[in-house]
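First comes the structure, then the notes that go with it.
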Amino acid sequence: MRAAFLVGAFCVLTLTGGCTDTAKAIAPTADSKVAPTSDSRIAPTNESAVAPANEAQIAPKVTFDSAKAWGHLQKQVGFGPRPSGTPAIVETRKYIIEQLKASGIEAKEQAFIGMVLASHYDTKLFREFRFVGANDGASSTAVLLELGRVLKARQNELTIELLFLDGEEARMPEWRGTDNTYGSRHYVQTAQKDGSLKSLKALVLLDMIGDRELLIKRDSNSTPWLVDIIWGTAGRLGHTSTFSNQLTVIEDDHIPFLRAGVAAADIIDLENPTWHTPQDDLDHVSAKSLQVVGDVVTAAIPEIEKRIASER
Ligand SMILES: [Zn+2]
């Protein structure tokens, strides 16, 4: 028998502040890799109503607060190990949805995606030790929740979707073949079928961004223009020691998007000694790291919007 893989909830932030929460449309299944999604999640948005705004107008009124992100991280770790199909990941999903609601991000059907910010919230299954994934799973999900609060208070040029992915981790010990990235592959397939993928112009994926000695290298699989914007923003904000120009090659939830022709960048520090060990716990992650990534992504969004708008 296969464990259930739930794609889980995701959310759309719109210019007017509406949001899609498709969790209700995605029912748990016992034996299939992915749960079915509703094909009714699509409704047109009024794209033409988007008036160009200058940077001051679209600057966030709310700033990224790593204390809040830290609370989200601790909460997830408190649920314990969160592999796909476990009661703990159901609790995690409930928490994500509650927190989005607390930020005023409400459910709304939506066709136009624009840009996606994503994180996986499942943790890798280990039987030989207790793995709570403070960094690998909780850190990026915490930042995404806090980004939701920040972006909700901003007049976004594009529809921005927050995508909380399940099933990133391989079920088997090794990362091989199609035994990984279940949620992102399912998402891309669904968006291809319903036609919404065409409107998706950029994916910014966050994964493992909480470790104390955060060093994020440029992923060669990612789309150069998007990486340039994010790393350029990090440079402007003085975070060159975190966002390094060293190169690396990463396979992650951005790959299905890239294969489908969507520009994508992965913000990840894969080279940390606690990765997939019992030490991936609260003692080895820091709110400061969450703040750096939160600030860089927030500041990069206007640039990404400009680039996308110039291609219309
Ligand atoms: Zn992992």
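Every condition in (1) touching a strand residue (DSSP E or B) at 6+ places or on another chain (Cβ under 7 Å); (2) of a type in the set (A, V, I, L, M); (3) surrounded by 14 or more Cβ atoms within 10 Å (Cβ to Cβ) is met by I255 except one, and the failing one is (1). Among the residues making up segment 109-159, those that are of a type in the set (D, E) and either more than 15 Å from the ligand (Cβ to nearest atom) or not in a helix (DSSP H, G or I) (or both) are E109, D122, E128, E146, E157. Considering segment 206-236, the residues that are over 21 Å from I308 (Cβ atoms) and among the hydrophobic types (A, V, I, L, M, F, W, C) include one that is surrounded by the fewest Cβ atoms within 10 Å (Cβ to Cβ), namely L215. Can you find a residue that is under 18 Å from the mean Cα position of the chain (by Cα) and within 16 Å of the ligand (Cβ to nearest atom) anywhere in segment 185-201? The answer is no, given that none of the residues of segment 185-201 is under 18 Å from the mean Cα position of the chain (by Cα) and within 16 Å of the ligand (Cβ to nearest atom).
For segment 172-188, a residue qualifies if it is touching a residue at least 60 places away in the same chain (Cβ under 8 Å) and out of contact with any Gly (no Cβ under 9 Å at 6 or more places or on another chain), and the qualifying residues are W175, Y187, V188. Against the list (1) among the small types (G, A, S); (2) surrounded by fewer than 22 Cβ atoms within 10 Å (Cβ to Cβ); (3) under 23 Å from G71 (Cα atoms), the condition G261 fails is (3).
Here, each number is a calculation from the coordinates, and none is a lab measurement. Quick caveat, the model's predicted, so the values are computed rather than measured. Cβ coordinates were reconstructed from backbone atoms using ideal geometry, including for glycine residues, and neighbour counts include every protein chain displayed.
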